[in-house]
Amino acid sequence: MKTNTWLWIVQGLLAALFLFAGGMKLVMPVEAMQQGPVALPGPFLRFLGMAEVCGAIGLILPWALRIRPALTPLAASGLIVIMIGATVITALTGPIAPAMIPMTVGVLLTLVAYQRTRCTV
């Protein structure tokens, strides 16, 4: 398969992941989200949810519509920052193994950001 096809598959899966995760942060009660080992403030969780939903949209639409395609690597970069935070919080609050999930997502986002800056529309 061509690199562009692989990138679209990865972008689609990442967008679905962030649409789900961000959507859940927007619709779930704050008390339910604060049950984990670290109780983040409610407004911050809502902000993260909105950032994840906007990032998911930014992973797909700019490149697909060929309107400002430079926004796709920018959206991926913003989501990388969120995944760095998720990796650090997960690693500090328990075993290291669960931190591999957000770290892997961050690596995939890095791949998308790098490759989409190199590609032309």
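Here are a few things to note about the model shown:
- Compactness of the chain as Cα Rg over 2.2 N^0.38 Å, two decimals: 1.10
- Length gained on full extension, residue 31 to residue 70: 10.3 nm, using 0.36 nm per residue less the C-alpha separation.
- Dipole in debye (nearest 20) - the chain, about Cα centre, beta carbon charges: Lys, Arg +1; Asp, Glu -1: 460
- Protein-only accessible surface order, largest first, of 59, 48 at 1.4 Å: 48, 59
- The range 74-121: equivalent-ellipsoid semi-axes (sqrt of 5 x gyration tensor eigenvalues, Cα, Å): 26, 9, 5
- Secondary-structure-derived ellipticity at 222 nm for the chain, considering helices only, amounts to -26500 deg cm²/dmol, per-run term -39500 (n - 2.57) for DSSP H runs with n ≥ 4.
- Residue 101 accessible area, 1.4 Å probe, all protein chains in place, Å² to nearest 10: 120
- 11 Å tail of the calculated P(r), the range 23-64, as % of Cα pairs: 64
The values are calculated or read from the model by the stated rules, or taken from the named source; none is laboratory data. From a predicted model like this one, the values you see are computed outputs, not experimental measurements. Here the Cβ is made from the backbone with ideal geometry for all residues, glycine too, and neighbour counts use every protein chain on show. All accessible areas refer to the heavy atoms of the entire protein, side chains included, with ligands and DNA or RNA removed. Shrake-Rupley method; radii C 1.70, N 1.55, O 1.52, S 1.80 Å.
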